[in-house]
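A quick write-up on the structure given underneath.
The values are calculated or read from the model by the stated rules, or taken from the named source; none is laboratory data. Predicted model, so just to flag it, every value in this text is computed and none were measured. Note: ideal-geometry Cβ built from the backbone for every residue, glycine included; neighbour counts use all protein chains shown.
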Amino acid sequence: MRSVDDALDRILQTVRRLEPRALRLADLCGLVLAENIVAAEDLPPVANSAMDGYAVVAADTNGAAPGTPRALKITDTISAGCSPDRALMARCAARIMTGAPLPEGADAIVRVEHTVSGDDGAVAIQQAVSAGRDVRPAGEDVRCGEMVLKRGTVLRPAEIAMLAALGCPSASVFPHPRVGIVTTGNELVDPGAHVPPGHVRDSNRYSLAAQVVSSGGRVCFSRRASDEMGAIEEALSDSSGADLILTSGGVSVGDFDLVTDGIARVGRIHFSKVAIRPGKPLVFGEIRGTPIFGLPGNPVSSMVAFEVFVRPTLDQMRGMPPPPRFMGRLAKSVEHKAGRRSYLRARAFAENGAAVVHPVSAQGTGQISSLVQANALAVIPEDRDRMESGELVEIVPLWPRGSEPEAFQAV
Ligand code: AMP
Ligand code: MG
């Protein structure tokens, strides 16, 4: 049986990163940039006002204060979106709105609240300003020629704002992997349906879809097959359009566990069985070049196997760097059956500044509640038969990447 590390190595050597594609701004959030972005212009392109007020020659405001206002003649009104067509003369002021370009000759803004405008076409300036006050100079944000975003950057709203502001209607990114899901089992019914005796609701169909979406993928099909070879083959035979296929159930040693054979019939198996607990029957193969994971049917096994094997695979496909690893101190001792690496459902949190890991009490592979309580998986090495309270353990976080409590330092 392969170790978890060997299995993951084999998987990541087999699976390719997706080809970059140009996508529109509206579709970029969460994707990884596949090109460097160099600013083709200054941002802002021209000097403009940071405030509503008056554009002035700063020197004309010398000595201005509420008791000693300086009167300037209003010669223009400049709103955002227009381009001033005349220069500002000495001892004059132009009414100006936030974002409007500065007229030539002006070098500062007096905010409207520091002025009193009369009905004589003049404005009384009540505050002295120095040159540059409340002016956003051209290129203040970004200089033409500057590298603003590097290949490999995860595009958040801020990066999308930058692309839009610099005039990039699209960008080259690694696209969302398209994932097909096939759940198997004669006993499965839809969550909204009547549950006849001996049946269970198909929860994996939805947990897997949610895991796919939360790891940056998109579900391109979701099917259910009965425990019959014909049905399994049919569900697997048309996987066109998928970058990755996930099946659930039917990979164990029961009489009706036909998925491993089904994958072998329409594609091929790279390996099956991994020294992991839960999730031992995991299968990895491919169907006409599309990688496929045969995940075990128990709801917890399916979700854990996804976190350990599928999420890193999707990360690689979409150009993400490998996930960071974290350590924490076990809050209680753990008895362990050596031979397989165990992933215990756990709560990891900061206690007095230290990263603490509490395995939850329920650990059964059918107990979805164990994962509902958990925010991490505690990794118990395969060669240990016991771990002591206070020992450092690796954890696989179940929280979104980048949102770890401060106490959890990547190792
Ligand atoms: P299997 O791996 O097919 O032998 O299934 C193992 C256990 O997981 C059985 O108790 C199944 O009823 C349960 N199971 C299998 N598939 C699902 C599913 N899609 N949703 C919920 N439970 C499932
Ligand atoms: Mg089954």
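Against the condition at pLDDT 95 or above, surrounded by fewer than 15 Cβ atoms within 10 Å (Cβ to Cβ) and either in a strand (DSSP E or B) or at positive phi (or both), how does Gly198 come out, does it pass? When the stated conditions are applied, Gly198 passes them. Residues satisfying the criterion are absent from the stretch 159-179 (criterion: surrounded by fewer than 19 Cβ atoms within 10 Å (Cβ to Cβ) and within 16 Å of ligand 1 (Cβ to nearest atom)). Number of residues in the stretch 236-249 that are touching a residue at least 60 places away in the same chain (Cβ under 8 Å) and either out of contact with any strand residue (DSSP E or B) (no Cβ under 7 Å at 6 or more places or on another chain) or crowded, with 18+ Cβ neighbours inside 10 Å (or both): the value is 8.
Residues of the stretch 153-205 that are out of contact with any His (no Cβ under 8 Å at 6 or more places or on another chain), among the β-branched types (Val, Ile, Thr) and under 26 Å from Gly279 (Cα atoms): Val179, Ile181, Val182, Thr183, Thr184, Val200.
Those strands (runs of 3 or more DSSP E) of the stretch 281-365 in which at least 2 residues are in contact (Cβ under 8 Å) with a residue 12 or more places away in the chain and basic (Lys, Arg), considering only elements entirely within it, cover 341-351. In the stretch 192-217, which residue that is more than 10 Å from ligand 1 (Cβ to nearest atom) and in contact with a helix residue (DSSP H, G or I) (Cβ under 7 Å, 6 or more places away or on another chain) is nearest to Leu371 (Cα to Cα)? Restricting to residues being more than 10 Å from ligand 1 (Cβ to nearest atom) and in contact with a helix residue (DSSP H, G or I) (Cβ under 7 Å, 6 or more places away or on another chain), the top hit is Gln211.
Residues in the stretch 235-283 that are among the small types (Gly, Ala, Ser), within 15 Å of ligand 1 (Cβ to nearest atom) and within 31 Å of the chain's Cα centre (by Cα): Ala235, Ser248, Gly249, Ser272, Gly279. Yes or no: Gly192 at negative phi and in a loop (DSSP other than H, G, I, E, B)? Here the answer is yes, as Gly192 does meet what is asked.
The condition of being away from ligand 1 (no atom under 16 Å from the Cβ), surrounded by fewer than 19 Cβ atoms within 10 Å (Cβ to Cβ) and farther than 25 Å from Pro69 by Cβ holds for only one of Gly118, Gly139, Gly132, that being Gly139. If the condition is being aromatic (Phe, Trp, Tyr), surrounded by fewer than 17 Cβ atoms within 10 Å (Cβ to Cβ) and more than 15 Å from ligand 2 (Cβ to nearest atom), then the stretch 250-303 contributes only Phe271.
One residue stands out in the stretch 29-69 among those that are in contact (Cβ under 8 Å) with a residue 40 or more places away in the chain and hydroxyl-bearing (Ser, Thr, Tyr): the one that is surrounded by the most Cβ atoms within 10 Å (Cβ to Cβ), namely Tyr54.
Okay, residues lined up against (1) within 16 Å of ligand 2 (Cβ to nearest atom); (2) assigned to a loop (DSSP other than H, G, I, E, B); (3) over 16 Å from Leu23 (Cβ atoms):
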position	(1), (2), (3)
Arg151	no, yes, no
His176	no, yes, no
Val179	no, no, yes
Thr183	yes, no, yes
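Which of the residues that make up the stretch 201-235 are assigned to a helix (DSSP H, G or I), of a type in the set (A, V, I, L, M, F, W, C) and either within 16 Å of ligand 2 (Cβ to nearest atom) or surrounded by fewer than 19 Cβ atoms within 10 Å (Cβ to Cβ) (or both)? Break it down into steps so the answer makes sense when it comes.
Start the filter on the stretch 201-235 by keeping residues that are assigned to a helix (DSSP H, G or I), which leaves 204-214, 229-235.
Those left that are additionally of a type in the set (A, V, I, L, M, F, W, C): 208-210, 212-213, 229, 231-232, 235.
Within the stretch 201-235, Leu208, Ala209, Ala210, Val213, Met229, Ala231, Ile232, Ala235 meet the criteria.
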